[in-house]
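The values are calculated or read from the model by the stated rules, or taken from the named source; none is laboratory data. Given the structure is predicted, the values throughout are model-derived calculations rather than measurements. Cβ: placed from backbone, ideal geometry, glycine included. Neighbour counts: every protein chain shown. Only protein heavy atoms, including side chains, enter the accessible area calculation; ligands, DNA and RNA are left aside. Shrake-Rupley method; radii C 1.70, N 1.55, O 1.52, S 1.80 Å.
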Amino acid sequence: MPYDSVEAKDQFLRECRTTCRRNVAQLAIAHELEQTYSASDAINWYTRSCFLFEMISRALRSGDALILYKLRYFIVDMCKHLEFTAKTQSSWATHVYRGTVLAKDEVENLVVGSLVAATGFFSSSLDLQVAKSFIGV
C-alpha cells in the first residue's frame with residue numbers, strides 16, 4: 001500500500017488516537033491534526049508541543065516495523081519535507097546546537113571520529129541557549 005494512500009492516513013490517525021486515548025487535550029490535538037494536516041506542515045507538527053514528537057521518536061527508537069508501518073504516512077512526509085528544505089535553503093549554518101542528556105556510560109562509549117547510529121530525528125537550534133534549555137541549564 002502506498003505511503004500516501006487513504007488507508008495509510010487512516011492507520012496513522014488511528015495510531016494517534018490510540019496514543020492519546022487517555023488524554024482529552026491530546027485527543028483534541030489529534031482531531032485537529034486529522035482536520036488540518038498537510039504534508040508541507042509535517043515539520044511544524046513534529047516540533048509542536050504535543051504527543052506526535054514523542055510517538056514518532058518512540059517508534060523510531062524501538063525499530064518496531066509494525067508501528068513504523070502505521071506511522072509511514074507522516075514519517076515519509078517529514079523526510080521529504082526535510083530533504084526539500086535542505087535542497088532549497090540558500091545558506092546553511094556552520095554550527096547548530098543540540099541539548100540532550102546522556103548517561104555516563106553513553107558518553108564514555110563515544111569516540112571522536114567514530115560513527116554514531118541515530119534512531120530518530122535530531123532537533124537542533126542555531127541558538128545555544130535554546131539547546132541548553134533542553135538540558136535544564
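Restricting to the range 3-21, count the residues that are open to solvent by less than 70 Å² (accessible area, probe 1.4 Å) and either assigned to a helix (DSSP H, G or I) or of a type in the set (A, V, I, L, M, F, W, C) (or both).
11
L128: in contact with a Phe, Trp or Tyr (Cβ under 9 Å, 6 or more places away or on another chain) and either among the hydrophobic types (A, V, I, L, M, F, W, C) or free of Cβ contacts under 8 Å to residues at least 12 places away in the same chain (or both), yes or no?
yes
Scanning the range 104-133 for residues that are in contact with a strand residue (DSSP E or B) (Cβ under 6 Å, 6 or more places away or on another chain) and modelled with pLDDT of 80 or more, which turns out farthest from I43 (Cα to Cα)?
Among residues in the range 104-133 that are in contact with a strand residue (DSSP E or B) (Cβ under 6 Å, 6 or more places away or on another chain) and modelled with pLDDT of 80 or more, the one farthest from I43 (Cα to Cα) is L128.
Anything in the range 120-134 that is surrounded by 12 or more Cβ atoms within 10 Å (Cβ to Cβ) and more than 18 Å from the chain's Cα centre (by Cα)? List them, or say none. Break it down into steps so the answer makes sense when it comes.
If we filter the range 120-134 for residues that are surrounded by 12 or more Cβ atoms within 10 Å (Cβ to Cβ), which is where we start, we get 120-121, 123-125, 128, 130-134.
Result: L128, K132, S133.
Testing I56 on (1) among the β-branched types (V, I, T); (2) surrounded by fewer than 16 Cβ atoms within 10 Å (Cβ to Cβ); (3) within 20 Å of E7 (Cα to Cα), one condition comes back false. Which one is that?
All conditions pass for I56, except number (2).
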